[in-house]
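Quick notes on the structure that follows.
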Amino acid sequence: MNIKKILKELTLEEKASLLSGADFWHTKAVERLAIPQIMVSDGPHGLRKNAEGSANPNEAIKAVCFPTASALACSFDRNLLTMMGKALGEECQAENVSVILGPGCNIKRSPLCGRNFEYFSEDPYLASEMAAAYIKGVQSKGVGTSLKHFAANNQETRRLTVNERIDERTLREIYLAAFEGAVKQAAPWTIMCSYNRINGHHSSQNKWLLTDVLRNDWGYNGLVMSDWGAVDDRVAGVKAGLDLEMPASFGKNDKLIVDAVNSGKLSMRQVDKCAERVLRLVDKAEESRTPTKWDMEAHHELAAKIESQCAVLLKNDEDILPLGKDEKICFIGEFADKPRYQGGGSSHINSFKVTSALEAVKDYCKVEYAQGYITTEDKTVPELLEQAIECARYNDKVVIFAGLPDNFESEGYDRTHIRMPECQIELINKIYKVNKNIVVVLHNGSPVELPFLDKIKGLLEVYLGGQAVGKATCDLLFGEAVPSGKLAESWCLKLEDNPSYLNFPGVGDEISYNEGIFVGYRYYDKKDMKVLFPFGYGLSYTSFEYSDIVISENEINDDQTLTVSCSITNTGSRAGMEIVQLYVRDKESSVIRPVKELKGFEKVSLRPGETKKVVFSLDKRAFAYYETAINDWFVEYGEFEIMIGASSRDIRLTASVYVNSKTKLPVQFTFNSTVGDVLSCSEGREVFGGLIDKFCKSMTDANGEGLGSNSMELAMAMLKDTPMRGILCYDERPEINRVWLKEMLDRLNSMMEE
Ligand code: BGC
């Protein structure tokens, strides 16, 4: 396609028409110039393509439902995500879908968000790495992705209108960072803007977000589309950099664009820019079309394999797991027969088949089964409960399949609590009375309270594990696969502990992200709080030893890269995989910073007795915070601790490095700058040090302040918060006055600029 030429030939009306969808899933064609339409479809953990000839957007073709993002992120495995992306890419190619609408990269600010199952993590680094790996996989097959929902779509309550007050440092370090990494590493063909407003502006018309940050700061040159129905003011959207409105506006907004250009309110250049990006996408999609066949059964197997590397073993007392084939085992709970394996809403896949644990267990042994509870309402059914108790009484081990039913969490609304259904809790408590060998398998999109934790010996968290979850679960329960997932989010003891608790979901349309950067473990660690399970936690059937941390330098400049390595040994008797996590801490900082932040991770596969070296590279961003004074990332000079561990609360190795900053923060000292601030830099000490020393001395000599002898430090402690104008009172000489002070401060400020 000769895009420049086509742009010249298109009429204004035709250009405007390209800037919105033809219907729910297609862009518009311009037949006169042979511009075809392309199809987009949800996403993200399977293909939800509208069935041929159906006008109902919820009628999708049969496809494969892979594990949802909440599960996927627990794999901490980039290769796995890429593998899944490739499979999705193949499916899209085969079905003529040019862009799959995902992955979702929003941060799990609160466990209540109804859509958390579609998001990766509370940690932006992990979220961006997972998203990037997925995007690379899909796009390697010549199919585009739509990284969504840009940005800060962290709740479902009033998601189309809510106005989130978020300070810039928090946006940059947490909510945008998740997108930034994925955009820079993987260049998604498209990005989907979110519904919500950020600091007063709808994302669909937020120039700062869509152009200043996304394009100018991050260098993104793909297409931005709206979330479905996210457009508020289409003309403002074009000005802000929203290329494509989805779905169709039935020509209404196209006309507004035409009118705005004709009346001079919108420039043709801006329309051209958006139209050009739509044409580029269409061109790329057409160029990338490849005849492809895909194998449903093979993708089902892949879904099982992926899930087996995502599930997290949270408890395994007395090594109750793995189960033996010869043991007398019963499975209890409706989810053993009909697993909950995906969430509700736009990501819902029409699975071509589902493998339940009850079916998959036939490959291992015979088990007894009792339904135990119902999921249609939270009500104990006495006969089901009785049957389950009887079933549990005469077996060696009981595996209870529990978790959240569909109506507990979904796109479109948030949870109001994090409790499990009462009927399931009663079931577990009653079974405990007749059998102490209980393993619980949990199916849920987001953390729950576990009031029964001390009554069970084993706990396997499978999240919403895709259509093959039953096979993966049985492989893990019987030790055919070894658990290797770790939590991508902290599990709080109670909802009230969560940092967003006081401000979720806001009042009316207003919400303030008052917890700032302290999301998830950044908050629990800073407050030294107990959690149910920490970020990065997960057990295995084998054990690992960490040793030999080595850093490439003891001191670096912030434009250099630090290499960190360590050795991991499998000290158990089974082959297994370990997720090695690297966190960084600024030991002393003049801004408030988290106790630690994840800056690297690797998943290593080890045979019994085997040792492997793991290597990490840390660049400036690993040490930096976002400094609004310079609108940039900034490393404060000083010592940083490198922590390598098996979870955020299980640090096994540490090392220290000094990082020198290549950037100076602009400083302007004024009459109201404190003595302490002035003396904190060498220039300040040079100009004022002698004088301040003299004042301190006079305070101690005269003993007038009651400081006692030898108390220069105390005098300084008293003086350090005094504004510079205050020191004039300490000197009776007339020439030590405001004019003199102004001159001295000017001198200091010019020294600071050098
Ligand atoms: C969701 C998107 C989805 C779109 C199309 C919206 O309501 O927020 O994630 O891709 O619908 O189904």
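The table below lists the values:
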quantity: Percent of Cα-Cα distances greater than 41 Å, calculated over the chain; calculated: 39 percent
quantity: Amide proton proximity set for GLU489, modelled H, under 5 Å, gap of 5+; calculated: GLY536
quantity: Simple Cβ-charge dipole of the range 544-660, Lys/Arg +1 and Asp/Glu -1, about Cα centre, in debye nearest 20; calculated: 660 debye
quantity: Taking N as its residue count, the alpha carbon Rg of the range 182-337 over 2.2 N^0.38 Å; calculated: 1.61
quantity: All-pairs alpha carbon distance profile, the range 544-660, 5 Å steps from 0, percent; calculated: 2, 11, 22, 22, 16, 11, 7, 5, 2, 1, 0
quantity: HN-Hα J in Hz across the range 440-446 - Karplus 6.51, -1.76, 1.60, θ = phi - 60°, x for Gly and Pro; calculated: 10, 10, 9, 10, 6, x, 7
quantity: Contact order normalised by residue count of the range 301-526, Cα under 8 Å, 6+ apart, percent; calculated: 31 percent
quantity: Share, in percent, of DSSP beta bridges within the chain that are antiparallel, nearest 5; calculated: 60 percent
quantity: For the chain: relative contact order, % (alpha-carbon pairs under 8 angstrom, 6 or more apart); calculated: 12 percent
quantity: Karplus-derived HN-Hα couplings along the range 597-606 (A = 6.51, B = -1.76, C = 1.60, θ = phi - 60°), whole Hz, x at Gly and Pro; calculated: 9, 5, 10, x, 7, 9, 9, 10, 9, 9
quantity: Student exercise, the range 301-526 dipole from Lys, Arg, Asp, Glu Cβ charges, in Debye to nearest 20; calculated: 520 debye
quantity: Binned Cα-Cα distances of the range 301-526, short to long, each 5 Å bin given as a whole percent; calculated: 1, 7, 14, 18, 19, 16, 11, 7, 4, 2, 1, 0
quantity: Burial ranking of peptide ranges 153-163, 665-675 (average Cβ count within 10 Å, highest at the top); calculated: 153-163, 665-675
quantity: For the range 606-754, radius of gyration divided by Kirkwood radius, i.e. Rg to Rh on alpha-carbons; calculated: 1.18
quantity: Protection-proxy order for peptides 476-487, 313-324, each taking the mean of Cβ atoms within 10 Å per residue, highest first; calculated: 476-487, 313-324
quantity: Antiparallel content of DSSP bridges confined to the range 301-526, in %, to 5; calculated: 25 percent
quantity: Residues PHE150, PHE616 arranged by fewest to most Cβ contacts within 10 Å; calculated: PHE616, PHE150
quantity: Unit charges on C-beta of K, R, D, E only; dipole of the chain, Debye; calculated: 1120 debye
quantity: The range 564-607: mean projected area of Cα convex hull, nm²; calculated: 3.9 nm²
quantity: Amide H partners (placed H, <5 Å) of LYS599, local residues excluded; calculated: LEU582, TYR583, VAL584
quantity: Rounded to 5, the percent of DSSP beta bridges in the range 14-170 classed as antiparallel; calculated: 45 percent
quantity: Amide H within-cut-off set for ARG48, under 5 Å, with H built and near neighbours excluded; calculated: ASP42, GLY43
quantity: Ranked LYS148, LYS436, criterion: other C-beta atoms within 10 Å, fewest first; calculated: LYS436, LYS148
quantity: Derived scalar couplings ³J(HN,Hα) [the range 651-662; Karplus, 6.51 cos²θ - 1.76 cosθ + 1.60; whole Hz; x for Gly, Pro]; calculated: 7, 9, 9, 9, 8, 10, 9, 8, 10, 8, 8, 8
quantity: The range 85-102 and the range 361-419: distance between their alpha carbon centers, rounded to Å; calculated: 35 Å
quantity: For the range 675-753, the Rg and Dmax computed from alpha carbons only, in angstrom; calculated: 12.9, 40
quantity: Rg/Rh for the range 140-244, where both radii come from Cα atoms and Rh is the Kirkwood radius; calculated: 0.94
quantity: Expected-Rg normalisation [2.2 N^0.38 Å, Cα atoms] applied to the range 92-186; calculated: 1.12
quantity: Length-normalised contact order of the range 210-286 in % [C-alpha pairs under 8 Å, at least 6 apart]; calculated: 31 percent
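Every number here is computed from the coordinates shown, using simple stated rules; none is lab data. Quick caveat: nothing in here was measured; it's all calculated off a predicted structure. Heads up, the Cβs are rebuilt from the backbone with ideal geometry, glycines too, and the neighbour counts pull from every protein chain shown.
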